[in-house]
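**Student:** Supplied in structure tokens, the structure appears directly below.
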Amino acid sequence: MFETSFIELDSRRYYSNLAYLKSKFAEECEITLVIKGNAYGHGAKEIMGLAQGNDYKSFAVFSADEAFQIYDQRRETDRLMIMGDIDFEQISWAIENGVEFFVNNTEVLICALKTARKLSKQAKIHLEFETGMNRLGFEKDEFPTLFSSLEDYAGDIDIKGVCTHLAGAESMTNFKRIRSQIASFTKICRQLEVKKVSYHQRHVACSAVALRFPKSRYEMIRLGILQYGLWPSHESFIEYITSMGRDLDPLQRIITWKSRVMSTKNVSKGQYIGYGTSFLTNSNRRLAVIPVGYTNGYARALSNQGRVLIRGQQAPVVGTVNMNALTVDVTDIPSVESGDEVVLIGKQGDQTITISSFANFSEQLNYELLSRLPRDIPRIIV
Ligand SMILES: *Cc1c(COP(=O)(O)O)cnc(C)c1O
């Protein structure tokens, strides 16, 4: 309640993104919204609530921990799935509560099957296969055990999906690797058919795959970054709008990160600003201090690089970003005073600090920058 900054989520823009994605994909396949990493920093509960209001019913997170944190937000008819980390105790929790989870090796499989039998409740699982990312998923040498276990415990499981994850479809340079992964997946699906393993859906597509490899949308896609109005990469954005013959982004960013001016100060020519000697004034300057630093997710790499908006104008960060504060130069912005609104990311007047500019300066991916925004910054839906 006394936070030094807050994040606004523009519900109207989010609805517009959701509607666009629905119009683009929903006829063909189910859309699962990926809300891991606290919904890429936007706030998982807030985002889930807004999406539910727009008739989205399927949500995915990385870990059992993340699923647990949003479980109360789930409605009876919603699907909630864990795409990654789940340990043995958490498997009981998931089965008892109808939470779906990816099973990606024999150990997890056996545990899931035994637990389901013990609880007399079917485990809702997704079999994840290794196809070349070399991270998670069943390997070929596990198939004999996999098939025999599935047969032995057929009544204890409901195979919601078979899936894999593709390694870097947002970049054209990975084209061959992605194609070969898709080919491996197709082969695995054929093997499952031969073994009469029945399942509900196939899914391999994240945002970039859904855009670039339409045939790989199968029965479900797992959309993360696009719902937040951002693109998997600049390349995928340019390719997409070019292919659609338009030059405007059909998606809209929904996040604005705001703080306020804490104090102002005049500094004469020839003074160093803040810690160390990274910024020397070469004329008389007026500075404003903002109570946001790297502990709040404002990267130290933005020292002498970042920009914020005050009174509709850009103010450059001068000196180093501190743990809890940063200093900006407001000499050219008349009458800045304590309490003035500061926009760290987003729009103010007709100026915008884009996530990509911010991310580039700090050498972070847009995914990284957003998901690192601390949980304790309040998320406010506007
Ligand atoms: C994060 C993730 C996604 C979503 O990726 P986007 O590029 O944000 O669409 C999909 N599937 C898995 C397994 C993921 O971990």
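**Student:** Between Asp87 and Asp158, what FRET efficiency comes out of the Förster formula 1/(1 + (r/R0)^6) with R0 = 25 Å and r the beta carbon distance, rounded to 0.05?
**Tutor:** The calculated FRET efficiency here is 0.75.
**Student:** In addition: So the label point goes 7 Å from the Cα of Ser335 along Cα→C-beta, right? Which residues of the range 288-318 then have their backbone N under 19 Å from it?
**Tutor:** In the range 288-318, the label zone of Ser335 (backbone N under 19 Å from the point 7 Å along Cα→Cβ) covers 288, 310-315.
**Student:** Still on this structure, please answer the following. Measure off 7 Å from each Cα along the Cα-to-Cβ vector at Arg375 and Asp78, then give the distance between these two points in nanometres to one decimal.
**Tutor:** Going by the 7 Å Cα→Cβ label model, 1.6 nm.
**Student:** Across the range 19-27, in residue order, what do the Karplus-derived ³J(HN,Hα) couplings come to in whole Hz, using 6.51 cos²θ - 1.76 cosθ + 1.60 with θ = phi - 60° and x for Gly and Pro?
**Tutor:** Those phi angles translate into 5, 4, 5, 4, 5, 7, 10, 5, 5 Hz.
**Student:** Quote the FRET efficiency, to the nearest 0.05, computed for Tyr20 versus Thr295 with a Förster distance R0 of 41 Å and r equal to the Cβ-Cβ distance.
**Tutor:** Working: r = 36 Å, r/R0 = 0.87.
According to the calculation, E is roughly 0.70.
**Student:** On to the next question. Placing +1 on the Cβ of each Lys and Arg and -1 on the Cβ of each Asp and Glu in the range 336-382, which of Leu373, Gln351, Gly339 has its Cα farthest towards the positive end of the resulting dipole?
**Tutor:** Of the listed residues, the answer is Leu373.
**Student:** Mind checking the full-extension length gain between Lys265 and Asn105? Use 0.36 nm per residue of separation minus the Cα-Cα distance, one decimal, nm.
**Tutor:** Values: separation 160, 0.36 × 160 = 57.60 nm, distance 5.97 nm.
Difference between extended and current length: 51.6 nm.
**Student:** Charges only on Cβ, +1 for Lys and Arg, -1 for Asp and Glu: so what's the dipole of the chain about the Cα centre, in debye to the nearest 20?
**Tutor:** Details: 45 positive and 44 negative charges, 132 e Å.
Value, rounded to 20: 640 debye.
**Student:** In what sequence do Cys163, Cys29 fall when counting other Cβ within 10 Å, fewest first? Working shown, then result.
**Tutor:** Values: Cys163 25, Cys29 17.
In increasing order of surrounding Cβ atoms, one gets Cys29, Cys163.
**Student:** For the range 8-46 and the range 259-290, what is the separation of their C-alpha centers, rounded to whole Å?
**Tutor:** For the range 8-46 versus the range 259-290, the Cα centre distance is 41 Å.
**Student:** Please return the longest stretch of the chain lacking exposed loop sites, where GluC sites (Glu not before Pro) count only if DSSP places them in a loop and at most 14 other Cβ atoms lie within 10 Å. Mind dumping the intermediate values first?
**Tutor:** On the way: sites that count: Glu3, Glu27, Glu28, Glu76, Glu139, Glu219, Glu337, Glu363.
My reading of the result: 220-336 is the longest stretch.
**Student:** Give me, ordered by chain and number, the residues 5 or more places off Ala60 or on other chains with an amide H under 5 Å from its own placed amide H.
**Tutor:** Leu33, Val34, Ile35, Met81
**Student:** Right, another one. Please report Arg260, Arg375 as a ranked list, fewest other C-beta atoms within 10 angstrom at the top and most at the bottom.
**Tutor:** Working: Arg260 17, Arg375 10.
Placing the least packed residue first, the sequence is Arg375, Arg260.
**Student:** Convert each backbone phi in the range 191-205 into a coupling constant with the Karplus relation 6.51 cos²θ - 1.76 cosθ + 1.60 (shift: θ = phi - 60°), then list the ³J(HN,Hα) values in order as whole Hz, x for Gly and Pro.
**Tutor:** 4, 4, 5, 4, 7, 6, 7, 9, 8, 8, 9, 9, 8, 9, 9
**Student:** Right, here's the next one. Expressed as a fraction of 2.2 N^0.38 Å, the rule-of-thumb size for a compact globular protein of N residues, what is the C-alpha radius of gyration of the range 1-103? All intermediate terms of the calculation are to be shown ahead of the outcome.
**Tutor:** On the way: Rg = 14.6 Å, N = 103, 2.2 N^0.38 = 12.8 Å.
Working it through for the range 1-103, the quotient is 1.14.
**Student:** For a 30 Å ceiling on Cα separation, which of these pairs sit above it: Lys45/Lys176; Lys265/Lys347; Lys160/Lys215; Lys45/Lys258; Lys24/Lys114?
**Tutor:** Values: Lys45/Lys176 38 Å; Lys265/Lys347 25 Å; Lys160/Lys215 20 Å; Lys45/Lys258 20 Å; Lys24/Lys114 41 Å.
With Cα atoms farther than 30 Å apart: Lys45/Lys176; Lys24/Lys114.
**Student:** For the range 42-128, give the magnitude of the charge dipole about the Cα centre (Cβ charges: +1 Lys/Arg, -1 Asp/Glu; no others), in debye to the nearest 20.
**Tutor:** The calculation lands at about 400 debye.
**Student:** Then there's this: In deg cm²/dmol, rounded to 500, what helix-only [θ] at 222 nm does the chain give when every DSSP H run of at least 4 residues adds -39500 (n - 2.57) and the total is split over its residues? It would help to have the intermediate numbers written out before the result.
**Tutor:** Details: 12 runs with 119 residues, N = 382.
Calculated from helices alone, the mean residue ellipticity at 222 nm is -9000 deg cm²/dmol.
**Student:** Would you mind pulling out the separation of the Cα centroids of the range 181-205 and the range 328-368, in Å?
**Tutor:** Computed from Cα coordinates, the inter-centre distance equals 47 Å.
**Student:** Could you work out the pair-distance distribution P(r) of the range 226-382 from its alpha-carbon pairs, with 5 angstrom bin width and percents rounded to whole numbers?
**Tutor:** It works out to 2, 9, 17, 20, 19, 14, 9, 6, 4, 1, 0, in whole percents.
**Student:** A follow-up question, please. For the range 274-281, just list the computed ³J(HN,Hα) in residue order, Karplus coefficients 6.51, -1.76 and 1.60, θ = phi - 60°, integers in Hz, with x standing in for Gly and Pro.
**Tutor:** The phi angles translate into x, 5, x, 10, 6, 9, 10, 6 Hz.
**Student:** Between Glu30 and residues 5 or more places away or on another chain, which pairs have amide H atoms under 5 Å apart, with H built 1.01 Å from N, and which residues are they?
**Tutor:** So Glu30 has HN proximity to Met220, Ile221.
**Student:** Using only C-alpha positions, report the orientation-averaged shadow area of the convex hull of the chain, nm², one decimal.
**Tutor:** Values: hull surface 84.4 nm².
Directional mean of the projected Cα hull area for the chain stands at 21.1 nm².
**Student:** Another question, if that's okay. Can you give the longest run of the chain that contains no chymotrypsin sites (Phe, Trp or Tyr not before Pro) sitting in a DSSP loop with at most 12 other Cβ atoms inside 10 Å? Show your work: numbers first, answer last.
**Tutor:** Values: sites that count: Phe2, Tyr275.
Of all site-free stretches, the longest is 3-274.
**Student:** Tell me, in nm to one decimal, what length is gained between Ser171 and Ser357 on full extension, where the rule is 0.36 nm per residue of separation less the Cα-Cα distance?
**Tutor:** 65.0 nm
**Student:** Continuing with this model, one more query. How do Leu302, Leu326 rank when sorted from fewest to most other Cβ atoms within 10 Å of their own Cβ?
**Tutor:** On the way: Leu302 20, Leu326 28.
Fewest-to-most ranking of Leu302, Leu326: Leu302, Leu326.
**Student:** Which FRET efficiency value, to the nearest 0.05, do you get for Thr186 and Glu219 by plugging their Cβ-Cβ distance into 1/(1 + (r/R0)^6) with R0 = 25 Å? Could the numbers behind the result be given before it?
**Tutor:** Working: r = 14 Å, r/R0 = 0.57.
Efficiency, from the Cβ-Cβ distance: 0.95.
Every number in this text was worked out from the coordinates using simple rules, so none of it is lab data. Nothing here was measured: the structure is a model prediction, and the numbers come from that model. Cβ coordinates were reconstructed from backbone atoms using ideal geometry, including for glycine residues, and neighbour counts include every protein chain displayed.
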